């Protein structure tokens, strides 16, 4: 839900609440005022009538045609008291319920007690209520509409620094190595936000640079001693060696080879995680696939594997060319390595995705786990166990969906392009 | 051939020097940018092996200096950083090739020869030994004067051996040469063996001598002493 809608809803519900209470108060006040006014009038009328009785004016004249009832009563009453009776009844003439307000006043004039009653019809409670509700509803509607409209107009203005900050954050890439530099704004909250984002991104840039430097240095520091070992061994192989020594050197060479590959793969993974391969250039993925297929078909032949490839033309994807190669190489080498004698590899590429499937023994660990680093299905294989982790990382980076299933003795690696 | 090795690691530099000296090249070493600059101004070199990270500067700056001073040497960049941007920057900056540490000496030698051949316009494209000759321009192989049909990989393999005659080439080095860095340990040695078998067969069929020896536990060797 948009912030502005939330605000609007809150305002409207507060207004509704206030109006409910206000309506109740208004209802009682209005009713009270009306009744009091009427009672006061009737009281005065009764008083005047009593005055006239005292002066001895004829009763007909006294009432003057007004609905005044004068009753002589025998019992003693406290003079100058009055009671108010309010009663509703059904008036069949107008087919309506009516509310009558009667004021009975008691007087003692010349030793004779009188009750003087006058009445009038007043506005009914339900009528007041109806009038109030309808007018309040109208006000509420007006308010809601005005709030909704003005909030929208105003919010664009007020939230403008927020939106521009959001856009900048969206465009921010560590790889650019450019600090965010959000400008100070007048709204305090947004100012705080901008300051915080600025500080955070500066820290991120710093950390990123440090990390990159570290990984580069680590690579350099490891590669150089490896290079020394490898070259010295190269030189050593040219000296007179016994078979035993030769074999030992061979094993060392293999070890160095593996070490160097692990190192390079880890560096590659690091770079992938640091998003150093971001690109928006579309490359012909179909061509890369065809080239990989051509390279690997030779290797398939050597392993006596049947290789089938269906590559659709004009598949262009925004991926770094080096990554496309690594992706294809890793998947195809896996398809060869984990195959069975006389097995088969099927490669198919379409605009929707890439599928590589191969025959093979059932996996020993759940297939999803094989995407983790150094997780190997077969511990004895020559693999160093980061091939699939790299593939996964490349897929994540380019938001491809990858799945690996084993079904009917086929290992199926399926990548869906976005 | 005269080679300048610009490399700050003494051990590595001495390995390269030893290897290349055995090929009959004249090798000189520089461990800093400053020293290299002085040597480059004073002497001519056919090839330069240039490390990117040097104690007193970046190899890429040195590369710029070399190109700006119109020094005609072929340049092979050797770097521990296989950062792609470095590679692109290096090649765009006028380097002829790029090799990532840790490399095999034979591989480095092959690349050095290749860029040297490319630079020389006076037709030194022919590499030959006895009855076998390779034309690197046309990528053609002849044995006893008749053309031998080789696959690309077989040709690359033979060229690698011919450049590194009498050297023990490890299977790793050969696999690396043929398939590059990203083969994530396919069972490469089988492939090397297969290619080699086919190559030997073809040379033998054309009446050539099988100069390639198997070195127990280590790899293979192009033995020129073989009759």
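Each value in this text was obtained by applying a stated rule to the coordinates, not by laboratory testing. The structure displayed is predicted, hence computed values, not measured ones. Note that we place each Cβ from the backbone using ideal geometry, even for glycine, and neighbour counts take in every protein chain shown.
Taking the empirical scaling 2.2 N^0.38 Å for compact globular proteins as reference, the range B:34-77 has a Cα radius of gyration ratio of 1.03. The C-alpha atoms of chain B define a longest principal axis, and helix B:152-163 lies at about 70 degrees to it.
Derived from the Cα gyration tensor, the three semi-axes of the equivalent ellipsoid of the range A:293-418 are 21, 18, 13 Å, largest first.
Using only alpha carbons, the protein assembly as shown has a radius of gyration to Kirkwood radius ratio (Rg to Rh) of 1.45.
Fewest neighbouring Cβ atoms within 10 Å first, the residues A:196, B:189, B:222 line up as A:196, B:189, B:222. Quick one: in the range A:203-340, what % of C-alpha pairs are over 19 Å apart? The calculated P(r) of the range A:203-340 puts 68 percent of pairs beyond 19 Å. As a test, work out the antiparallel percent of DSSP beta bridges whose residues both lie in the range A:270-389, rounded to the nearest 5. Rounded to the nearest five, the antiparallel share is 55 percent. Each DSSP beta bridge with both residues in the range B:1-104 is either parallel or antiparallel, and the antiparallel ones are about 10%. Ranked for footprinting exposure by Cβ neighbours inside 10 Å, fewest first, B:49, A:84, A:315 give A:84, A:315, B:49. Relative contact order of chain A, taken over Cα pairs closer than 8 Å and 6 or more residues apart, is 9 percent. Using the Kirkwood radius over C-alpha pairs as Rh, can you work out the diffusion coefficient of chain B via Stokes-Einstein at 25 °C, viscosity 0.890 mPa s, in µm² per second? Reported coefficient: 132 µm²/s.
Which of A:132, A:354, A:370 ends up with the largest GNM mean-square fluctuation for chain A, with Cα atoms connected below 10 Å? Comparing A:132, A:354, A:370 in a Gaussian network model of chain A, the most mobile one is A:132. This ranking places B:179, A:10, A:410 by how few other beta-carbon atoms lie within 10 Å of each, fewest first, which gives A:10, A:410, B:179. Across q = 0.13, 0.22, 0.27, 0.31 Å⁻¹, the range A:252-303 modelled as identical point scatterers on its alpha-carbon atoms has Debye log10 I(q)/I(0) values of -0.61, -0.93, -0.89, -0.95, in the order of the q list.
Only beta bridges with both residues in the protein assembly as shown are counted; by DSSP, about 75 percent of them are antiparallel.
Counts of other chain beta carbons within 10 angstrom of each beta carbon in peptide B:98-111 average 5.
Highest mobility in the GNM of chain B, judged by mean-square fluctuation with C-alpha springs under 10 Å and restricted to B:12, B:62, B:169, is found for B:12. Per residue, the convex hull spanned by the Cα atoms of the range A:107-172 measures out at 159 cubic angstrom.
To the nearest 10 degrees, how steep is helix A:285-302 against the longest Cα principal axis of chain A, on a 0 to 90 scale? Long axis of A:285-302 versus the principal axis of chain A: about 40 degrees.
Each helix, a run of at least 4 DSSP H residues, gives -39500 (n - 2.57); summed and divided by the residues of the protein assembly as shown, these come to -17500 deg cm²/dmol at 222 nm.
Can you give the percent of C-alpha pairs in the range A:1-127 whose distance is more than 20 Å? The proportion of pairs with Cα distances above 20 Å equals 59 percent.
Stokes-Einstein diffusion for the range B:1-127 at 37 °C, viscosity 0.692 mPa s, with a Kirkwood radius from C-alpha pairs, works out to 227 µm²/s. Scaling against 2.2 N^0.38 Å puts the C-alpha radius of gyration of the range A:82-234 at 2.81. Angle, helix A:243-273 long axis vs. longest principal axis of chain A, Cα atoms, 0 to 90°, nearest 10? Long axis of A:243-273 versus the principal axis of chain A: about 20 degrees. When the Cα atoms of the range A:152-200 are aligned to their principal axes, the ranges along those axes come out at 37, 18, 12 Å in descending order. Take the convex hull of the alpha carbons in the range B:124-227; its mean projected area over all directions comes to 6.6 nm².
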